[in-house]
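First comes the structure, then the notes that go with it.
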Amino acid sequence: MPPVADVERIGRYTKGVTPGGTGPAVLIGHFVTARGPAVLRDVAKIHPGGEITDGHRPDGIVVYADLVG
């Protein structure tokens with residue numbers, strides 16, 4: 001889980017697939033903190049077929065992933 005001090009950061013399960021890879025990627029972040037809304041504040045607006053951007057891959061490559069579910 002990203003630290004509360006960095007409420008605009010998405011973390012990921014590091015033993016899984018990185019976003020953009022083959023298979024499911026697990027992302028985690030804060031919805032709201034004591035200081036207010038955080039990175040996942042609009043998570044209800046995300047639907048299957050939507051797209052997310054990940055600019056924090058270890059290799060520095062920015063990827064776009066389609067959401068399924």
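Given R0 = 35 Å, the distance between the Cβ atoms of A34 and D59 translates into a calculated FRET efficiency of 0.55.
Taking amide H atoms as placed 1.01 Å from N in the peptide plane, the amide H of R12 lies under 5 Å from those of I28, each 5 or more residues away in sequence or on another chain. With θ taken as phi - 60° and the Karplus curve 6.51 cos²θ - 1.76 cosθ + 1.60 applied, the whole-hertz 3J(HN,Hα) list for the range 2-7 is x, x, 4, 5, 10, 6 Hz, x standing for glycine and proline. With each label modelled as a point 7 angstrom along the Cα→C-beta vector, the T14-V43 pair spans 2.2 nm.
Taken together, the values in this text are just the output of simple stated rules run on the coordinates, not laboratory data. Being a predicted model, the structure only gives us computed values, none of them experimental. Cβ: placed from backbone, ideal geometry, glycine included. Neighbour counts: every protein chain shown.
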